[in-house]
Structure formats: C-alpha cells, structure tokens
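The values are calculated or read from the model by the stated rules, or taken from the named source; none is laboratory data. Values in this document were obtained by computation on a predicted structure and should not be read as measured data. Note: ideal-geometry Cβ built from the backbone for every residue, glycine included; neighbour counts use all protein chains shown. When the accessible area is computed, the model is the full protein with side chains, heavy atoms only, and any ligands, DNA or RNA have been set aside. Shrake-Rupley method; radii C 1.70, N 1.55, O 1.52, S 1.80 Å.
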Amino acid sequence: MANSKLLGGAILGAAVTLALYKLYSMTEDERAELVDHIKETTSGLLDDAEKTIEKIESYMSEIKDKGEGEWIDKMHVVKRMLGDFYGREASNKSLGYK
C-alpha cells in the first residue's frame, strides 16, 4: 500500500512539474488566453451547477407536496427528474423499459 501511494505521489508530482514547465514556457499572450479560457469554463460550470440545484429544489418540493400515500406519484416525479438530468432514454433503460 505504501508503494502505491509513493508511486501515485511521484506520478502526480511529475504531472505538476510538466504542467508548470508548459505554463512558464508559454508567452504572456498565451498565458493570458489560457487564464481567460479557464475563467470562462469555470463560470459556465458554476452556472450549470446553479441551474441544476434549482431544478433539484423544484423536484424535491414537488415530491414533498405529494401526500404520504402517493408513492406512485412520487416515483413519476423521480422518473421525470432522472429523464431531465440524464435524458429520456437513459431513465427508461435504468427503469427496465425499452
């Protein structure tokens, strides 16, 4: 186990070293372009995460509004949620449908 951790640490260290070498071998313009690209990508990911959280909150409140004995209706809400997040075909296949 210790050898695995040591090997993993060495590989990670080599990857970081290579990334830093590549970063510092770039021109200033290339670095600025890379930083801008990273900022745009991160911003997009954060926006997607916020939208996903809002959707989950909406579905959870809909489930919560259902009565205690309405398990079938709750399962339909969960099915819609999975279909929304993973696509209609994926949710049908996971539930055993064709």
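The GluC sites (Glu not before Pro) of the range 21-71 that DSSP puts in a loop, and whose beta carbon has at most 12 other beta carbons within 10 Å, are 68.
For semi-axes √(5λ) of the Cα gyration tensor in Å, the value computed from the atomic coordinates appears in the list [x] 44, 22, 13; [y] 22, 17, 14; [z] 29, 13, 11 under label [x]. Helical content alone sets the calculated 222 nm signal of the chain at -30000 deg cm²/dmol, taking -39,500 (n - 2.57) per DSSP H segment of four or more residues and averaging over every residue. Largest first, the residues 80, 31 sort by 1.4 Å accessible area into 80, 31. In a simple Cβ point-charge model (Lys, Arg +1; Asp, Glu -1; nothing else charged), the chain has a dipole of about 680 debye relative to its Cα centre. Rolling a 1.4 Å probe across the protein heavy atoms gives the chain an accessible surface of 86 Å² per residue. Within a straight-line Cα-Cα reach of under 12 Å, residue 74 can be paired with the following aspartates and glutamates, leaving aside sequence neighbours fewer than 8 residues apart in one chain: 62, 65.
Multiplying the residue separation of residue 56 and residue 85 by 0.36 nm and removing their Cα-Cα distance gives an extension gain of 9.5 nm.
Hey, any idea what % of the chain's accessible area is carbon plus sulfur with a 1.4 Å probe?
Summing carbon and sulfur atoms, their accessible area is 61 percent of the total for the chain.
Considering only 74, 39, 22, the mean-square fluctuation computed in a Gaussian network model of the chain, springs between alpha carbons under 10 angstrom, is largest for 22.
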